[in-house]
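Since the structure comes first, as C-alpha coordinates, the remarks are kept for the end.
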Amino acid sequence: QAQLLAQGKAKIEEYRKQMLATQKQLTALDELRGRNRLRLFLKALDAAHVENVWLDEIKYYRRDTLPAGAPDAPPGVARAGIIVVPEKSAPQPGTAGTGPDVEQRVGITGQAANHATLAQFMRRLESQPGIADVSLLDTSRRTYSNALLIEMKLSLLVDEKARRRP
(Lines give C-alpha, C1' and ligand atoms only; values in the text may rest on other atoms or scores of the structure.)
Protein backbone atom coordinates (compact mmCIF):
# COMPACT_ATOMS: atom_id res chain seq x y z
CA GLN A 1 0.00 0.00 0.00
CA ALA A 2 2.87 2.37 0.77
CA GLN A 3 4.35 1.68 -2.65
CA LEU A 4 0.97 2.31 -4.34
CA LEU A 5 0.60 5.54 -2.34
CA ALA A 6 4.06 6.69 -3.43
CA GLN A 7 3.26 5.86 -7.07
CA GLY A 8 -0.02 7.75 -6.79
CA LYS A 9 1.74 10.82 -5.33
CA ALA A 10 4.36 10.69 -8.09
CA LYS A 11 1.64 10.53 -10.74
CA ILE A 12 -0.21 13.45 -9.13
CA GLU A 13 3.02 15.49 -9.14
CA GLU A 14 3.59 14.64 -12.81
CA TYR A 15 0.03 15.74 -13.68
CA ARG A 16 0.51 18.96 -11.71
CA LYS A 17 3.71 19.75 -13.67
CA GLN A 18 1.91 19.03 -16.96
CA MET A 19 -0.95 21.30 -15.88
CA LEU A 20 1.45 24.16 -15.06
CA ALA A 21 3.23 23.76 -18.40
CA THR A 22 -0.10 23.76 -20.24
CA GLN A 23 -1.24 26.89 -18.37
CA LYS A 24 1.97 28.68 -19.41
CA GLN A 25 1.43 27.63 -23.01
CA LEU A 26 -2.17 28.89 -22.90
CA THR A 27 -0.95 32.22 -21.49
CA ALA A 28 1.57 32.49 -24.32
CA LEU A 29 -1.10 31.68 -26.91
CA ASP A 30 -3.45 34.26 -25.41
CA GLU A 31 -0.66 36.84 -25.71
CA LEU A 32 -0.18 35.89 -29.37
CA ARG A 33 -3.87 36.46 -29.99
CA GLY A 34 -3.39 39.97 -28.63
CA ARG A 35 -6.78 40.27 -26.96
CA ASN A 36 -5.45 42.45 -24.15
CA ARG A 37 -3.68 44.77 -26.58
CA LEU A 38 -6.70 45.04 -28.85
CA ARG A 39 -8.90 45.92 -25.88
CA LEU A 40 -6.27 48.43 -24.74
CA PHE A 41 -6.20 50.04 -28.20
CA LEU A 42 -9.99 50.33 -28.45
CA LYS A 43 -10.22 51.95 -25.01
CA ALA A 44 -7.42 54.37 -25.94
CA LEU A 45 -9.14 55.26 -29.21
CA ASP A 46 -12.40 55.92 -27.38
CA ALA A 47 -10.68 58.10 -24.76
CA ALA A 48 -8.80 60.05 -27.45
CA HIS A 49 -11.96 60.88 -29.42
CA VAL A 50 -12.03 64.44 -30.74
CA GLU A 51 -14.94 66.11 -32.54
CA ASN A 52 -14.32 66.68 -36.26
CA VAL A 53 -12.01 63.69 -36.70
CA TRP A 54 -13.44 60.88 -38.80
CA LEU A 55 -11.88 57.46 -39.22
CA ASP A 56 -12.24 55.53 -42.47
CA GLU A 57 -10.10 52.50 -41.83
CA ILE A 58 -8.24 50.85 -38.97
CA LYS A 59 -5.74 48.11 -39.80
CA TYR A 60 -4.37 46.03 -36.96
CA TYR A 61 -1.04 44.30 -37.60
CA ARG A 62 0.63 41.61 -35.50
CA ARG A 63 4.07 40.30 -36.23
CA ASP A 64 6.70 38.37 -34.38
CA THR A 65 10.04 40.06 -33.92
CA LEU A 66 12.82 37.54 -34.24
CA PRO A 67 15.81 37.65 -31.91
CA ALA A 68 18.84 39.51 -33.26
CA GLY A 69 20.80 36.25 -33.60
CA ALA A 70 18.12 34.39 -35.55
CA PRO A 71 19.74 32.67 -38.55
CA ASP A 72 16.80 33.24 -40.91
CA ALA A 73 16.45 37.01 -40.49
CA PRO A 74 18.85 39.95 -40.52
CA PRO A 75 19.05 42.02 -37.31
CA GLY A 76 16.17 44.43 -36.77
CA VAL A 77 13.84 42.77 -39.28
CA ALA A 78 10.46 41.30 -38.40
CA ARG A 79 8.37 38.97 -40.52
CA ALA A 80 4.74 39.84 -41.13
CA GLY A 81 1.98 37.28 -41.39
CA ILE A 82 1.82 33.94 -39.64
CA ILE A 83 3.44 33.94 -36.25
CA VAL A 84 6.19 31.36 -36.14
CA VAL A 85 7.87 30.34 -32.92
CA PRO A 86 11.42 29.19 -33.63
CA GLU A 87 11.99 25.86 -31.89
CA LYS A 88 14.81 27.24 -29.75
CA SER A 89 12.56 30.16 -28.65
CA ALA A 90 9.57 28.02 -27.76
CA PRO A 91 8.93 27.71 -24.04
CA GLN A 92 9.74 24.29 -22.72
CA PRO A 93 7.32 22.69 -20.28
CA GLY A 94 8.16 23.81 -16.79
CA THR A 95 10.10 26.91 -17.90
CA ALA A 96 9.12 30.53 -17.48
CA GLY A 97 9.21 31.40 -21.21
CA THR A 98 6.25 33.32 -22.62
CA GLY A 99 6.88 32.85 -26.35
CA PRO A 100 8.12 35.26 -29.00
CA ASP A 101 7.91 39.03 -28.71
CA VAL A 102 4.86 40.08 -30.73
CA GLU A 103 4.71 43.63 -32.04
CA GLN A 104 1.23 45.00 -32.59
CA ARG A 105 0.85 48.08 -34.78
CA VAL A 106 -2.20 49.97 -35.97
CA GLY A 107 -2.65 51.94 -39.18
CA ILE A 108 -5.42 54.56 -39.21
CA THR A 109 -6.76 56.50 -42.19
CA GLY A 110 -9.38 59.20 -42.02
CA GLN A 111 -10.05 62.93 -42.10
CA ALA A 112 -9.85 65.87 -39.75
CA ALA A 113 -11.44 69.31 -40.04
CA ASN A 114 -8.01 70.98 -39.85
CA HIS A 115 -4.41 70.41 -38.80
CA ALA A 116 -5.00 71.69 -35.25
CA THR A 117 -7.78 69.14 -34.69
CA LEU A 118 -5.58 66.39 -36.11
CA ALA A 119 -2.72 67.40 -33.79
CA GLN A 120 -5.08 67.40 -30.80
CA PHE A 121 -6.29 63.89 -31.69
CA MET A 122 -2.72 62.63 -32.04
CA ARG A 123 -1.67 64.16 -28.69
CA ARG A 124 -4.67 62.64 -26.92
CA LEU A 125 -4.04 59.26 -28.53
CA GLU A 126 -0.36 59.27 -27.59
CA SER A 127 -1.19 60.21 -24.00
CA GLN A 128 -3.26 57.04 -23.51
CA PRO A 129 -1.73 54.13 -21.57
CA GLY A 130 -0.47 51.37 -23.83
CA ILE A 131 -0.08 53.58 -26.90
CA ALA A 132 3.38 54.50 -28.17
CA ASP A 133 5.09 55.73 -31.28
CA VAL A 134 2.16 57.67 -32.79
CA SER A 135 3.38 58.84 -36.20
CA LEU A 136 1.78 60.92 -38.90
CA LEU A 137 2.63 59.16 -42.16
CA ASP A 138 0.84 61.41 -44.65
CA THR A 139 -1.60 64.29 -44.97
CA SER A 140 -3.29 65.92 -47.92
CA ARG A 141 -6.13 68.36 -48.50
CA ARG A 142 -9.38 67.17 -49.99
CA THR A 143 -12.73 68.81 -50.68
CA TYR A 144 -15.87 67.04 -49.49
CA SER A 145 -19.23 68.71 -50.14
CA ASN A 146 -17.68 72.19 -50.42
CA ALA A 147 -15.66 71.70 -47.22
CA LEU A 148 -11.88 71.43 -47.12
CA LEU A 149 -10.72 68.48 -44.99
CA ILE A 150 -7.33 67.05 -44.10
CA GLU A 151 -6.82 63.44 -45.20
CA MET A 152 -4.54 61.61 -42.75
CA LYS A 153 -2.64 58.38 -42.35
CA LEU A 154 -1.39 57.50 -38.86
CA SER A 155 0.64 54.65 -37.45
CA LEU A 156 1.02 53.65 -33.80
CA LEU A 157 2.38 50.89 -31.61
CA VAL A 158 0.19 49.15 -29.02
CA ASP A 159 2.42 48.18 -26.11
CA GLU A 160 1.07 47.18 -22.70
CA LYS A 161 4.32 48.44 -21.17
CA ALA A 162 3.93 51.96 -22.61
CA ARG A 163 2.98 54.38 -19.87
CA ARG A 164 0.91 57.51 -19.99
CA ARG A 165 2.92 60.59 -20.80
CA PRO A 166 2.90 63.37 -18.19
Which one is modelled with the highest pLDDT, of the residues in region 25-45 that are of a type in the set (Gly, Ala, Ser) and more than 9 Å from the chain's Cα centre (by Cα)? Ala44
Starting from region 128-140, keep only residues that are on the phi < 0 side of the Ramachandran plot, then list their pairs with residues that are at pLDDT below 95 and of a type in the set (D, E, K, R) whose Cβ atoms are within a distance under 8 Å, requiring at least 6 positions of separation or different chains. Gln128/Lys43; Gln128/Arg164; Pro129/Arg163; Pro129/Arg164; Ile131/Asp159; Ala132/Glu126; Ala132/Asp159; Val134/Glu126
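The values are calculated or read from the model by the stated rules, or taken from the named source; none is laboratory data. Note that this is a predicted model, so its numbers are computed, not measured. Quick reminder, even Gly has a Cβ in these numbers, built from the backbone with ideal geometry, and neighbours come from all protein chains shown.
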